[in-house]
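Chemist: My questions all concern the structure below.
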Amino acid sequence: MTGRGLADRVIVVTGASGGQGMAEVELLAENGALVIATDLQAEGPSYSNPSVQYHQLDVTSEEQWSTLTATVAQRLAGRTLKGLVNNAGITHRTRLGETLLGDWERVLRVNVTGAMLGIQALAPLMGEGSSIVNIGSSAGLTGHYPVAYTTSKWALRGLTHVAATEYGSRGIRVNIVHPGFIETLMTAGAPEAMRGAQLDMTPLERMGSSNEVASMVAFLISDEAAYISGAEIPVDGGFTSSAGAKYMSDRIKAGRPPLPPNR
Ligand SMILES: NC(=O)c1ccc[n+]([C@@H]2O[C@H](COP(=O)([O-])OP(=O)(O)OC[C@H]3O[C@@H](n4cnc5c(N)ncnc54)[C@H](O)[C@@H]3O)[C@@H](O)[C@H]2O)c1
């Protein structure tokens, strides 16, 4: 996709060496942006566009954010930073009763604190027309069973609304995208039963792709979304909209007998 008018805009993307982050980097660069792609590894993958510059960044490290901020400021050479995509995230699929404190804290530190540190570090370089996109999850709109992950994505919604309120007067927009089940490394390890149930409850009856999330991110970064701030946008094939109603409707259509009592 081209024509989003991102020519020469500098945009930072976290968790950008694979999955959705990499798709976002490629699409933003294809639309003319100068992308600073970041992730945990010392070396980044090979991106197809030469305007992408890779830097190592652990989003939980305040010190590494500060180093990155200096690099970005140099690259901007007096211009404002136009975008930040807080995409880095980890999951941990344990239930409420069995989640260890260390795992709980690790997930919240990456998924929530990481995004907060990124906004704190880079918002000072932004101005009128800049855009921050946080990557939430359909888990952040529901009571999905992996408790640390779900809680972290609900918290990220709060951070999004605070930042949209805080920075609106400076012309900085802040939004959150909620992907449903997207085929990446993160979901490659999901239990088969989860995959099946997700399909049963997704009106479009398929998983999503990283490119489908990336195109929403590119839209929100661009001026086409100039009056959209504080919005929460699902990219989930209708999963959260249906909220299980598809499952009920399909069961009724198929004339399946009711479940036994107490289930
Ligand atoms: N795949 C899905 O179905 C799905 C659904 C909803 C939301 N999401 C969200 O989308 C985002 C991208 O996930 P993905 O599906 O591409 O998974 P992924 O595992 O392929 O990518 C996550 C990236 O984050 C990076 N990362 C992890 N910890 C980091 C840290 N401390 N600092 C910097 N980078 C770190 C990883 O190295 C990896 O490149 C995540 O925020 C995830 O929670 C994914």
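Chemist: Contact list please: Cβ distance under 7 Å, first residue in segment 100-128 and in contact (Cβ under 8 Å) with a residue 40 or more places away in the chain and more than 22 Å from residue 36 (Cβ to Cβ), second residue among the aliphatic types (A, V, I, L, M) and not in a helix (DSSP H, G or I), pairs at least six apart or on different chains.
Modeler: As it stands, the answer is 107/90, since those pairs meet every condition given.
Chemist: Looking at residue 201, is it over 22 Å from residue 153 (Cβ atoms), more than 16 Å from the chain's Cα centre (by Cα) and not charged (D, E, K, R)?
Modeler: Working: over 22 Å from residue 153 (Cβ atoms): no; more than 16 Å from the chain's Cα centre (by Cα): yes; not charged (D, E, K, R): yes.
In short, no.
Chemist: Next question, about the same structure. If I filter segment 134-151 down to residues being more than 11 Å from the ligand (Cβ to nearest atom) and touching a helix residue (DSSP H, G or I) at 6+ places or on another chain (Cβ under 6 Å), which single residue comes out as least open to solvent (accessible area, probe 1.4 Å)?
Modeler: Only one residue fits best here, namely 148.
Chemist: On to the next question. With respect to residue 110, is the statement that it is near the ligand (Cβ under 10 Å from one of its atoms) and either outside any loop (DSSP other than H, G, I, E, B) or open to solvent by 40 Å² or more (accessible area, probe 1.4 Å) (or both) true?
Modeler: yes
Chemist: Turning to a different aspect of this structure: Which pairs turn up if I take residues in segment 200-222 that are more than 25 Å from residue 243 (Cβ to Cβ) and look for partners that are within 10 Å of the ligand (Cβ to nearest atom) and among the aliphatic types (A, V, I, L, M) with beta carbon separation below 7 Å, at least 6 apart in sequence or on another chain?
Modeler: Short answer, once both residue conditions are applied: 211/23; 214/23.
Chemist: Pick from 37, 16, 42, 23: which is assigned to a strand (DSSP E or B) and within 15 Å of the ligand (Cβ to nearest atom)?
Modeler: Result: 37 is the single residue among 37, 16, 42, 23 that is assigned to a strand (DSSP E or B) and within 15 Å of the ligand (Cβ to nearest atom).
The values are calculated or read from the model by the stated rules, or taken from the named source; none is laboratory data. Note that the structure is a prediction, hence the values are computed from the model and not measured. Note that each Cβ is placed from the backbone with ideal geometry, even for glycine, and that neighbours are counted across all protein chains shown. All accessible areas refer to the heavy atoms of the entire protein, side chains included, with ligands and DNA or RNA removed. Shrake-Rupley method; radii C 1.70, N 1.55, O 1.52, S 1.80 Å.
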